[in-house]
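Here the structure is laid out as structure tokens; the discussion comes afterwards.
Nothing in this text is a laboratory measurement; each read-out follows from the coordinates by a stated rule. Note that the structure is predicted; figures quoted are calculated from it, not measured. Please note: Cβ atoms are built from the backbone with ideal geometry, for glycine as well, and neighbour counts cover all protein chains shown.
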């Protein structure tokens with residue numbers, strides 16, 4: 001296989017600037033997770049806490065750790081892990097994000 005036909009990693013194909021990193025949400029803001037740009041181990045760690053693509057989360061408190069509300073439960077996420085989570089903030093009006 002030639003070098004030019006090697007597929008690019010998905011993160012090279014995504015425009016992450018279109019999303020808001022979870023640590024930059026406003027306090028109490030709700031957002032839908034759109035992408036997690038982390039190692040497989042960190043993705044598994046986040047999934048174990050309920051943080052995965054398509055899930056809605058709410059930032060309760062910024063800092064290290066961030067306090068998030070996920071599926072009705074408050075959890076703490078290290079700032080290092082949180083920086084790999086990209087979201088799309090939900091609009092206050094309407095039923096969805």
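Could you work out how much longer the chain between residue 75 and residue 53 gets when fully extended? Use 0.36 nm per residue separation minus the Cα distance between them, nm to one decimal.
Gain in length upon complete extension: 6.2 nm.
Multiply the residue gap between residue 67 and residue 27 by 0.36 nm, knock off their C-alpha separation, and tell me the result in nm, one decimal place.
Separation in residues times 0.36 nm, less the Cα-Cα distance, equals 13.4 nm.
Provide the packing ranking of 48-60, 70-82, i.e. peptides ordered by the mean count of other C-beta atoms within 10 Å per residue, highest first.
48-60, 70-82
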